[in-house]
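Novice: Dropping the structure in here first, questions after.
Please treat every number below as a calculation from the coordinates, not as lab data. For clarity, every value in this text was computed on a predicted model and none was experimentally measured. Heads up, the Cβs are rebuilt from the backbone with ideal geometry, glycines too, and the neighbour counts pull from every protein chain shown.
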Amino acid sequence: MTDLFPTTHATWLMQTIVDDPPAARAHVMQRYFDPLCAYARASALRSLGEPAEIVNDFLASRLASDAYLSRWPDSGLPLRRWLANGLFIHARNTALAAKRRADLAPRAEGIDVASIARVRASDHETDALLALERAWAVRTVTEAHEQVRTELHADGHSAWWELFRLHTVQGMAYAQAAPAVGVPLSSASSIHRQVVDRLRAALRAILERDGVRSEDIDRELALMQDALG
């Protein structure tokens, strides 16, 4: 089965889908649960139930089969978009099936027909996708930040991370931030640049692990920047 993905193009996730499906499923559930909840919350799917319950039901149903994720690489879509498509279709079909059962059993719990009618394909293309992109970008950047912060701390460079945080996150000038964290002002710019380089490398590694091909990474980084404003 390893020939499903040409060696020169296979990413970690693509190969893991083939070699270790349980690990691939666990990775997808851990990485994409929150972004999919944000998507459901911003779409008409929220009229069908709690976003977390909708997403849990979708993941439990679809990821129960090893074959489901194996279909993703052929879609040509980023994984988050492919999963959002699947979530939308699954939730709407589940609601319609529940309505049909209710029609056959009048005593069953009523189904809000108007709620199902509001779940249109157009809802999948507007604010919901923007919410998905933003939540995915925040999740990815947060993971990269935590990874680099942990690495710098382990290397004895906690002050480097604090300098980056004060300058980039809080907008503090080097002249204030450098003495506050105990690094020479003359080294502040170089240190900051090294932290930024490590963050960019961490982001690239995370994207590659998630199935983004190397030739698409710069575009994905630009999309993340746009999503985060």
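Novice: Test of understanding: ordering Trp82, Trp160 by Cβ neighbours within 10 Å, fewest first, what list do you get?
Specialist: Fewest to most other Cβ atoms nearby, the residues stand as Trp82, Trp160.
Novice: Follow-up question, since we're still on this one. Output wanted: per-residue J couplings in Hz (rounded whole) for region 164-171, from phi through Karplus 6.51 cos²θ - 1.76 cosθ + 1.60, θ = phi - 60°, x for Gly and Pro.
Specialist: For region 164-171, the Karplus curve yields 4, 5, 5, 6, 7, 7, 9, x Hz.
Novice: Fewest first, what order do Ile191, Ile89 take by the number of other Cβ atoms within 10 Å?
Specialist: Ascending number of Cβ neighbours within 10 Å: Ile89, Ile191.
Novice: If neighbour count is taken as other Cβ atoms inside 10 Å, put Arg92, Arg100 in order from fewest to most.
Specialist: Arg100, Arg92
Novice: Then there is this: Between Thr142 and Asp57, what FRET efficiency comes out of the Förster formula 1/(1 + (r/R0)^6) with R0 = 35 Å and r the beta carbon distance, rounded to 0.05?
Specialist: According to the calculation, E is roughly 0.85.
Novice: If you don't mind, there's one more thing I want to ask. Trypsin sites (Lys or Arg not before Pro), restricted to region 34-80: which are DSSP loop and have at most 16 other Cβ atoms within 10 Å?
Specialist: Sites meeting the loop and neighbour criteria: Arg71.
Novice: Moving to a separate point now. In nm, what is the difference between 0.36 nm times the number of residues separating Arg200 and Leu228 and their Cα-Cα distance?
Specialist: Length gained between Arg200 and Leu228: 8.5 nm.
Novice: So if I place +1 on the C-beta of Lys and Arg and -1 on the C-beta of Asp and Glu, and nothing else carries charge, what would the dipole magnitude of region 131-208 be about its Cα centre? I want it in debye, nearest 20.
Specialist: Around 160 debye, computed over region 131-208.
Novice: Could I ask something else about it? Quote the FRET efficiency, to the nearest 0.05, computed for Ala159 versus Thr94 with a Förster distance R0 of 45 Å and r equal to the Cβ-Cβ distance.
Specialist: Calculated value: 0.30.
Novice: I need the calculated FRET efficiency for the pair Ser47 and Thr150, taking r as the beta carbon distance and R₀ as 45 Å, to the nearest 0.05.
Specialist: Taking R0 as 45 Å, the efficiency between Ser47 and Thr150 is 0.65.
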